[in-house]
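Before any comments, here is the structure.
The values are calculated or read from the model by the stated rules, or taken from the named source; none is laboratory data. Everything quoted here is computed from the prediction, not taken from an experiment. Neighbour counts are summed over all protein chains in view; Cβ atoms, including those assigned to glycine, are modelled from backbone coordinates with ideal geometry.
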Amino acid sequence: MYLDKRSFELLEELIVNPKITSKEMEIRKQLSRRQIKYSFEKINNWLQGNNYPKIKRLNNGNFIVDATLNEIITQKNELDTSSYIPSENERVLLLLFIMMSQKNLSLFHFTHALKVSNVTVLNDMKEAQRKVKQYQLKIHYSRSGGYVLKGNEWHIRNLLHDSVQEMTLMYSGLSLVQDFTLIPINEINNISMQLEKIEEVLKIKFTDEKFQLLPYYLGIIFKRIEQGFLIEVDYQIKFKELSGTKEFEATELLVENDTGLPEVERLYITLQLLSANIFSSETLAQLEIPQLKNALFETLNNVERLAFIKLKNKEMLVKRLMLHLKPAYYRMKYNLTSYASPAPYIDDSYLELDSIVERSLKPLEEFIKSKIPQRERHYITIFIGGHLLEAKQILTTRKKAIVLCQNGVTVSKLLRNTLTKLFPEFDFFPTMSLRQFNEIDHSSAEIIFSPIPVTTNKYFFIVNPLLQERAMWNLRQRVMKKVFGYDHDLINVDKLIDVIQSSTDILDKKRLKQDLQSYFQQTDHNNRNIIHPHTESHPNLNELLTPEMIAITNEVESWKDAIQLASIPLLKNNMITENYVNKMIEAHNYHHPYMVLGEHMAIPHAEPEEGVNRLGMSLLVIKKGVQFSERLKIHLVVVIAPTDTEEHVKAIYQLTNLSMNQELLKEVMYTSDKKTITQLLEELSQTHRLEVKEVSGYEN
């Protein structure tokens, strides 16, 4: 009695993964409950006939699998193939394999080898014709030559490579390769010994699977070369890239007795060594293709950015990926495989990681100059996932948010910092402009914060760059309710305490209730209306707004005049250019102003590369104020000239605290003395230093 392919695959799956349920197997194998039941009846009959214990299925869908069944997997490639009846797809594969490894083939050869009728072989031949068409080949029959494959030899060898790979997945696959190759065993053994010598010379170790298959694959290629089936042109192969490799030198061990081997065929054998999967290497430097390592690091940097994680021991991960990607590089570059076989199975827990990897591969694809196939991407995902497990790192599944800003580093930095502290549940992407948002892939982001309207299918919230305490509380309420369906007003603190008490002892129930109410109602005002950045080495506000950088006027005609007048001290000191002033004016949106702090202060600015020579700030006090929008009358215009995203941050936070201190703000607005303003700013900076010192455990 024999097992059909589907039944054997189910048996193999259950032995490898005994905890899988019947329902999970239905989903994974795309089978119905009835098909699963029917297959397991056949499996148990086969097990009983081969003196193995039966598999028992429990009512909950789980299985009981005896440990002795592991012998079946261990002996898979050594099992007798005479009693196995291949499926139609497997027969087509065997038919093509015979055609590539033997010659002068009649219909009888196929019926005898496959143990099927003439009609079955002829039907299979039609299916084989459809399959080889994918490789730009066709099956031709003549009385003198029998059945042969016609087409470019390069494509025939690609088909041979894929067929050998697919055959190993069949029941007793290696035995089938051995049976149908018809190459004397001493020739196969000789090739195996030469491959071992090559391992020593190159200081590498081929994977067990590759080491088992290479002798047969190379044996068939040598046989085809003897029969006159040669690669006709070398347009695919770059001689300079391959002839300088150690693998090219090592091919001498394989072809030392064949002095008439064409150069292009030796290059092809070199490619087989270069593209063979390697288990280990003592000298990584020999594996490094120029720029591949850099492309890998850039790819992993993208993974870190998108996954919000810092990979531990990244150098080791790169070494492991190099072992895989060096052969993969040659496979993809020289099209040595059609990738017709399915990609390796990705567990559900790896789906998010695979999506991140897919969006991170641009540096590798630019280096290879080819789209990385799903199969190779899945291998990369498995490598990275395994590395995370080994390093005991967990891929975050927290919701991801983006903060948009129409223009300007300063406002976006301020807003992102505020939102990061307001929503510790979210991971925030680096702040970006609306143009960047439209250009990059942001599919993993679920929440968008922006001071201007944006068309998006994500959760979207319009926010003011300067959020007062009540506005922050209201925003948090809206976001939590919309994103999580979570309403603070519906929380019953007493019931929550009962839940806590059922699992642990409560030392002070009254204090716990007060603390919970304080947390949910946001009544803790300590330090919430003061923002403290970690910027010890950066200048304070009073160090930037010195008397020469301050101007006081009674009134101006328009907001444009205000920006131009406020910019004069920076222009005089060559801190900015005229272009920077123009860019600030272009950036201001009168109907949707975002470069404002509170109700009385504007902070016009542009990008550093648009005309900033060195860090600076200037202040214009307008006693009567000027309309910066239909509803905002501004009295203080602070022009900011940032050189980067960090150096001016401390001063910006002090400026923010000034905008929130109504008493101090009025003193600055209505004084006519520059020195008084600098003294007030000095007091503000001093207060800030003390507050930062008092706040322990703060993180920016």
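Yes/no per residue for (1) in a helix (DSSP H, G or I); (2) buried (at least 16 other Cβ atoms within 10 Å of the Cβ); (3) at pLDDT 90 or above:
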residue	(1), (2), (3)
ALA113	yes, yes, no
THR120	yes, no, yes
MET125	yes, yes, yes
LEU160	yes, yes, yes
SER163	yes, yes, no
LEU169	no, no, no
SER175	yes, yes, no
PHE180	yes, yes, no
LEU195	yes, yes, no
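Here is a yes/no grid of residues against (1) of a type outside the set (A, V, I, L, M); (2) modelled with pLDDT of 80 or more; (3) part of a strand (DSSP E or B):
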residue	(1), (2), (3)
LYS413	yes, no, no
ASN417	yes, no, no
THR420	yes, yes, no
PRO424	yes, no, no
PRO430	yes, no, no
PHE437	yes, no, no
ALA445	no, yes, no
ILE448	no, yes, yes
ILE452	no, no, no
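Looking at SER87, SER163, which one is in contact with a Leu (Cβ under 9 Å, 6 or more places away or on another chain), among the hydroxyl-bearing types (Ser, Thr, Tyr), on the phi < 0 side of the Ramachandran plot and in contact (Cβ under 8 Å) with a residue 24 or more places away in the chain? Talk me through it step by step, then tell me what you get.
On the way: SER87 fails: in contact with a Leu (Cβ under 9 Å, 6 or more places away or on another chain).
Sole residue among the options that is in contact with a Leu (Cβ under 9 Å, 6 or more places away or on another chain), among the hydroxyl-bearing types (Ser, Thr, Tyr), on the phi < 0 side of the Ramachandran plot and in contact (Cβ under 8 Å) with a residue 24 or more places away in the chain: SER163.
Answer with yes or no whether ILE622 is hydrophobic (A, V, I, L, M, F, W, C), assigned by TED's automatic domain parsing to the domain that holds TYR670 and out of contact with any strand residue (DSSP E or B) (no Cβ under 8 Å at 6 or more places or on another chain). Break it down into steps so the answer makes sense when it comes.
Values: hydrophobic (A, V, I, L, M, F, W, C): yes; assigned by TED's automatic domain parsing to the domain that holds TYR670: yes; out of contact with any strand residue (DSSP E or B) (no Cβ under 8 Å at 6 or more places or on another chain): no.
No, not satisfied.
Say we look at region 591-634 and pick out the residues that are among the β-branched types (Val, Ile, Thr) and more than 45 Å from the chain's Cα centre (by Cα); which of these is farthest from PRO539 (Cα to Cα)?
VAL626
Going through ILE402, ILE382 one at a time, which residue ends up being surrounded by 16 or more Cβ atoms within 10 Å (Cβ to Cβ), more than 30 Å from SER433 (Cβ to Cβ) and of a type in the set (Val, Ile, Thr)?
Just one listed residue meets the conditions, ILE382.
Any residue in region 416-428 that is surrounded by fewer than 16 Cβ atoms within 10 Å (Cβ to Cβ) sitting within a Cβ distance under 7 Å of a residue that is modelled with pLDDT under 80? List the pairs, counting only those 6 or more apart or interchain.
GLU425/ARG398
Any idea which of (1) surrounded by 11 or more Cβ atoms within 10 Å (Cβ to Cβ); (2) farther than 19 Å from MET170 by Cβ is the one LEU58 doesn't satisfy?
Condition (1) is where LEU58 drops out.
Tell me which residues, restricted to region 383-411, are among the β-branched types (Val, Ile, Thr) and either in a strand (DSSP E or B) or modelled with pLDDT of 85 or more (or both).
Within region 383-411, ILE384, ILE402, VAL403 qualify.
From the set of residues in region 640-697 that are loosely packed, with under 14 Cβ neighbours inside 10 Å, over 16 Å from LEU620 (Cα atoms) and among the acidic types (Asp, Glu), which is modelled with the lowest pLDDT?
GLU694
From LEU615, LEU620, which residue is under 24 Å from MET432 (Cα atoms) and in contact with a Ser or Thr (Cβ under 9 Å, 6 or more places away or on another chain)?
Matching residue, one of LEU615, LEU620: LEU615.
Take the residues in region 18-44 that are at pLDDT below 85 and among the polar types (S, T, N, Q), then tell me which one is nearest to MET170 (Cα to Cα).
Ranking the qualifying residues of region 18-44, first place goes to SER39.
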